[in-house]
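Here's the structure we're looking at; comments come further down.
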Amino acid sequence: MQKRIAALGLGNIAGKLDAGERLTFDDGVRLFECPDLLALGWLANREREKRHDGRTYYNFNIRLEATNVCVASCLFCSFARLRPGDAGSYTMSLEQAWDKLRERAHQPLTEIHVVNGLHPDLPFDYYLEMLRGFKRIRPGIHLKCFTAVEIAFFADLYKMADEQVLRELKDAGLDSLPGGGAEIFAERVRRKICHDKCGTERYLEIHKLAHRLGMRTNVTMLYGHIETRDERVDHMLRARALQDETGGFQAFIPLAFHPDNNQMRKLPAPSATETLRVHAVSRLMLDNIPHVKAFWIATGVEVAQVALWFGVDDLDGTVQEEKIYHMAGARTPEAMTTGAIRRLIRAAGRDPVERDTLYNVVTGPEAPDEAPALVQ
Ligand code: SF4
């Protein structure tokens, strides 16, 4: 493979990686232009194995989208409805949200992941009380809730500073932030696909604030629509720069654009090879972010398995009841058992490790794959 890497003109990049040197913007663009996907995967896999060997992480989680009412108009979104009462709109009562956790009293969940539309009429107390209620029902559960876009929206709607919003949510039980809402950081793209929500600087500032308050967060990148390769690399470097400052990102999560039922439906979805390429380049460029995650709901289960040899070391979790991608045409299951996840990781030649949100090991690779916890 070394000869192949040299013939592709990537010897310099491989040398930098061997020496632990950081890759540049130009290196990132060259990696995206590399025609040899397997060579790219080989390089990314070396970096993955340096950090994690064959370990592949997942968690036992539940996803909750408490409302899809949203005042923003992101072109790629198939989930949102503009007003309460619009066809297909819904807003859960607090009891309905809490029931999602109560119904799973028999499951050893470690995390609830909550993201919502930007609802114009709900009071701040709705969100605070939602968190308090989850902790009352299950005090040990980790609450990974509200994207930076939601935090910015709360601050504007309730006339508070971003930091005050984070502090009050933290006091009510918030443990960390998910990475959603990053889309593509480049202004050119943001203006076209998501002009009326929190911009890049504020997204990054909110993550920085969360890190300073002791919370861990993730960062995403929506790929496969109108963004260029340069804009993808720029996105990665902006995430890398913040990570240099704070060290608070746990995972980088490329998210595949899905074209069904939204205003960008004329565009094709990204191919499997493009998905593998994006994950591999992410691993190579983001030398300071520990984990690269393939969100199997979005990539498809089979591509996620292959991605475990293209830089990916994390597959998210059991998920359960995902709506955002399924309303955009995802044909993946809405949930997986922990046993199924472990078996698919093992079938890909990797070692399954159940983790909690903060990557503490819950169940190591030595445990049997027929883990007892079942979804439903
Ligand atoms: S992506 Fe989020 S902010 Fe944008 S329209 Fe959909 S729900 Fe609203």
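Throughout, read-outs are computed from the coordinates displayed, never taken from laboratory work. If you're wondering where the values come from, they're calculated on a predicted model, not measured in any experiment. As a convention, Cβ positions derive from the backbone with ideal geometry for all residues, glycine included, and neighbour counts pool all protein chains shown.
What's the exposure ranking of Met264, Met285, going from fewest to most Cβ atoms within 10 Å? If you can, show how the numbers build up before the last one.
Working: Met264 19, Met285 27.
Ascending Cβ contact count within 10 Å gives the list Met264, Met285.
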Listed pairs Lys135/Lys293; Lys192/Lys266; Lys197/Lys266; Lys208/Lys293; Lys144/Lys170 exceeding 19 Å between Cα atoms: Lys135/Lys293; Lys197/Lys266; Lys208/Lys293
Karplus-derived 3J(HN,Hα), 6.51/-1.76/1.60, for each residue of segment 282-298, Hz, glycine and proline x: 4, 4, 6, 7, 9, 5, 10, 9, x, 10, 10, 10, 9, 7, 4, 4, 8
Cα shape, segment 128-183, gyration tensor, a/c 1.5 rule: oblate
Alpha-carbon centroid distance for the pair segment 72-123 / segment 233-290, whole angstrom: 25
Amide H contacts of Val362 (H built 1.01 Å from N, under 5 Å, at least 5 apart or other chain): Glu354, Arg355, Asp356
Prolate/oblate/rounded call for segment 191-239, Cα gyration tensor, a/c under 1.5 rounded: prolate
Stokes-Einstein D for segment 65-205, Kirkwood Rh over Cα pairs, 20 °C, 1.002 mPa s (µm²/s): 136
Mean Cα-pair separation over length for segment 1-83, i.e. relative contact order, pairs under 8 Å, 6 or more apart, %: 17
Estimated vicinal HN-Hα couplings, Hz - segment 230-245 in sequence order (Karplus 6.51, -1.76, 1.60; Gly, Pro = x): 4, 5, 5, 5, 4, 4, 4, 5, 5, 5, 5, 5, 5, 4, 4, 6
Sequence ranges 232-239, 266-273, 298-305, ranked by mean other-Cβ count within 10 angstrom, highest first: 232-239, 298-305, 266-273
Fewest-first ranking of Ile5, Ile253, using other Cβ atoms within 10 Å as the exposure measure: Ile5, Ile253
Sequence-separation-based contact order of the chain, relative, with Cα cut under 8 Å and 6+ spacing, percent: 22
Cysteines without a disulfide-compatible neighbour (Cβ-Cβ under 4.7 Å), the chain: Cys34, Cys70, Cys145, Cys198
Under-5 Å amide H pairs with Arg55, H placed in peptide plane, nonlocal only: Asp351
Ascending count of other beta-carbon atoms within 10 Å, so fewest first, for Lys135, Lys197: Lys135, Lys197
Rounded, prolate or oblate (a/c below 1.5 giving rounded, otherwise prolate when a/b exceeds b/c) for the chain by Cα gyration tensor: prolate
Karplus-derived HN-Hα couplings along segment 45-57 (A = 6.51, B = -1.76, C = 1.60, θ = phi - 60°), whole Hz, x at Gly and Pro: 5, 4, 5, 4, 6, 4, 8, 10, 6, x, 4, 10, 9
For the chain, built as a Gaussian network whose Cα springs stay under 10 Å, the top-fluctuating residue of Trp296, Trp42, Trp309: Trp42
Relative contact order (%) - criterion: Cα under 8 Å, at least six apart; region: segment 118-274: 21
